[in-house]
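These notes are about the structure you will find just below.
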Amino acid sequence: MAVRAQLASILLALILLVGLRRLDEVDMALLVLVTGLFGVCQRRLNVRFWPHIIETYRPALVRRFSVLCIAAFLSLGFMLSRLWQPQPYLVDIAWQSAVQMHIPAGAGHTLLGSLERLASAFELTGFWLMQNALARLELDHGVAVLAWAILLLMQATLAWSYARLLAGIAALRHHFSGRGKHDISR
């Protein structure tokens, strides 16, 4: 279980590092807002859970529920931010041409630059697939909106990573405050 947790942590850290470098100003402002909301969410959940949960387990449970709330809110915020931003028109363009036109070639000289370029290519591939599939299949508008929402919810990986980072910081803060010496760490 510890190895699985470490591998998941490494993967989430890579997603977080690459994702944070690719964010624009609106998304960064959303992260600042969510950081404050995480503290508010923890305080409210702590008050709500006070009479129902044993003192030893309450901080871990509050963090776990806070991660769910904040990750859902942040995912929705990222999805709406992506809908608001202009996206490239990729219908009837070959995938290779789309990647060459929209991904900068000089960004991959370092490992982090290569990961950023890979993330950009992955995102562009999703847009290319969705635009070309919807243009060829001529689906109902409701189905098209649902398909785009599912594609844009891929931003949830970054939201989950950031929410887990906030939970880790809260756990460390709780531990070093002296209240969590015998507390469970989740």
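Please treat every number below as a calculation from the coordinates, not as lab data. Owing to the predicted nature of the structure, the values given are computational and were not obtained by experimental measurement. Note that each Cβ is placed from the backbone with ideal geometry, even for glycine, and that neighbours are counted across all protein chains shown.
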## Note on the structure
Pseudo-spin-label distance Leu17 to Leu129, built 7 Å along Cα→Cβ, given in nm, is 2.6
### Query
Given the alpha-carbon gyration tensor of segment 1-125, what are the semi-axes of its equivalent ellipsoid in whole angstrom, ordered largest first, with each equal to the square root of 5 times an eigenvalue?
37, 19, 12
### Query
Tell me, which longest segment in the chain has none of the GluC sites (Glu not before Pro) that fall in DSSP loops with at most 13 further Cβ atoms within 10 Å?
56-137
### Query
To the nearest 20 debye, what charge dipole does segment 47-186 have about its Cα centre, counting +1 at the Cβ of each Lys and Arg and -1 at the Cβ of each Asp and Glu?
900
### Summary
Scalar couplings 3J(HN,Hα) for segment 162-178 by Karplus 6.51 cos²θ - 1.76 cosθ + 1.60 (θ = phi - 60°), nearest whole Hz, x for Gly and Pro, are 5, 5, 5, 4, 4, 5, x, 5, 5, 5, 5, 4, 5, 5, 7, 6, x
### Query
Based on Cβ point charges of +1 for Lys and Arg and -1 for Asp and Glu, what charge dipole magnitude is obtained for segment 1-72 about its Cα centre, in debye rounded to the nearest 20?
300
### Query
Can you give the helix-only mean residue ellipticity at 222 nm for the chain, where every DSSP H stretch with n ≥ 4 adds -39500 (n - 2.57) and the sum goes over all residues, rounded to the nearest 500 deg cm²/dmol?
-26000 deg cm²/dmol
### Query
So what's the gap between the Cα centers of segment 20-71 and segment 80-147, to the nearest angstrom?
31
### Message
If the elastic network links every pair of Cα atoms under 10 Å, which of Ser120, Ser81, Ser97 fluctuates the most in the Gaussian network model of the chain?
### Response
Ser97
### Summary
Placing +1 on each Lys and Arg Cβ and -1 on each Asp and Glu Cβ in the chain, then taking the dipole about the Cα centre, the residue among Trp128, Trp50, Trp148 whose Cα reaches farthest towards the positive end is Trp50
### Query
Which whole-Hz couplings ³J(HN,Hα) result when phi for each residue of segment 81-88 is put into the Karplus expression 6.51 cos²θ - 1.76 cosθ + 1.60, θ = phi - 60°, listed in order with x for Gly and Pro?
5, 5, 5, 6, 7, x, 10, x
## Note on the structure
Out of Ser161, Ser114, Ser66, a Gaussian network model of the chain with alpha-carbon springs under 10 Å gives the largest mean-square fluctuation to Ser114
### Query
Anyone know which of Met28, Met79, Met101 comes out most mobile in the 10 Å Cα GNM of the chain?
Met101
